[in-house]
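Input: a single structure, listed below in structure tokens.
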Amino acid sequence: MIWDYPRAFTLSVVPRADDIDGLNHTNNAVYVQWCEKIGWAHSEALGLSLADYQRLDRAMAIRRGEYDYLLPTVLNDELTLATWLISSEGKLTMERRFQLIRNRDQATILRGRWELVCIEPSSARVRRMPPEFSRAYLAAMVEPAVAK
């Protein structure tokens, strides 16, 4: 697959009957749910789970989400979703990118991005990333210059 960035973290997804809307395409909200699913899977693969977020009283919250829906998908399309962490401004924010590819023709279906900010859930205030976040997330970042 031709990814926008190196070192893709991937997840296979397939639209099921409940994912299909009145136009017989995958509902856009399903893509957003898949992005959330892969975001958590990537975080866990890097060693940070929801339990860690709760223990540390820190979380990376979505400040802004953008999705470009490029092509439709239909019931039972085999797809591969990828994610990357591509930038960080100090120890407060970072950006996560997404790309969804249809396996049969390698077409990019969706591109997305999240601006994430580190918060303290107990107060809902912006806080610096704890050392555990910096070690896991900052080490996983890829160079934005590689992007298309």
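Some values worked out for this structure:
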quantity	calculated
The range 41-73 - residue that is under 18 Å from residue 125 (Cβ atoms) and among the aliphatic types (A, V, I, L, M) and, of those, surrounded by the most Cβ atoms within 10 Å (Cβ to Cβ)	60
Qualifying residue in the range 97-120 (condition: in a loop (DSSP other than H, G, I, E, B), of a type in the set (A, V, I, L, M, F, W, C) and farther than 16 Å from residue 142 by Cα)	no
Single unsatisfied condition, residue 35 versus (1) within 28 Å of residue 15 (Cα to Cα); (2) out of contact with any strand residue (DSSP E or B) (no Cβ under 9 Å at 6 or more places or on another chain)	(2)
Single unsatisfied condition, residue 148 versus (1) surrounded by 13 or more Cβ atoms within 10 Å (Cβ to Cβ); (2) at pLDDT below 95; (3) closer than 18 Å to residue 83 by Cβ	(1)
Complete set of residues in the range 20-42 that are in contact (Cβ under 8 Å) with a residue 12 or more places away in the chain, of a type outside the set (A, V, I, L, M, F, W, C) and assigned to a helix (DSSP H, G or I)	28, 31, 37, 39, 42
Among (1) out of contact with any helix residue (DSSP H, G or I) (no Cβ under 7 Å at 6 or more places or on another chain); (2) over 28 Å from residue 135 (Cα atoms); (3) at pLDDT 95 or above - the single one residue 54 does not satisfy	(2)
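Condition check ((1) touching a residue at least 12 places away in the same chain (Cβ under 8 Å); (2) part of a loop (DSSP other than H, G, I, E, B); (3) closer than 18 Å to residue 118 by Cα; (4) touching a Phe, Trp or Tyr at 6+ places or on another chain (Cβ under 6 Å)) across all residues:
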residue	(1), (2), (3), (4)
51	no, no, yes, no
55	no, no, yes, no
61	yes, no, yes, no
64	yes, no, yes, no
71	yes, yes, no, no
76	yes, yes, no, no
87	yes, no, yes, no
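So that you can scan it fast, the table gives a plain yes or no per residue for (1) more than 18 Å from the chain's Cα centre (by Cα); (2) loosely packed, with under 15 Cβ neighbours inside 10 Å; (3) among the β-branched types (Val, Ile, Thr):
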| position | (1), (2), (3) |
| --- | --- |
| 37 | no, yes, no |
| 75 | yes, yes, no |
| 98 | no, no, no |
| 112 | no, no, no |
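The values are calculated or read from the model by the stated rules, or taken from the named source; none is laboratory data. Bear in mind the structure is a predicted one, so any value in this text is a computation, not a measurement. No Cβ is skipped: glycine too gets one built from the backbone with ideal geometry, and neighbour counts run over all protein chains shown.
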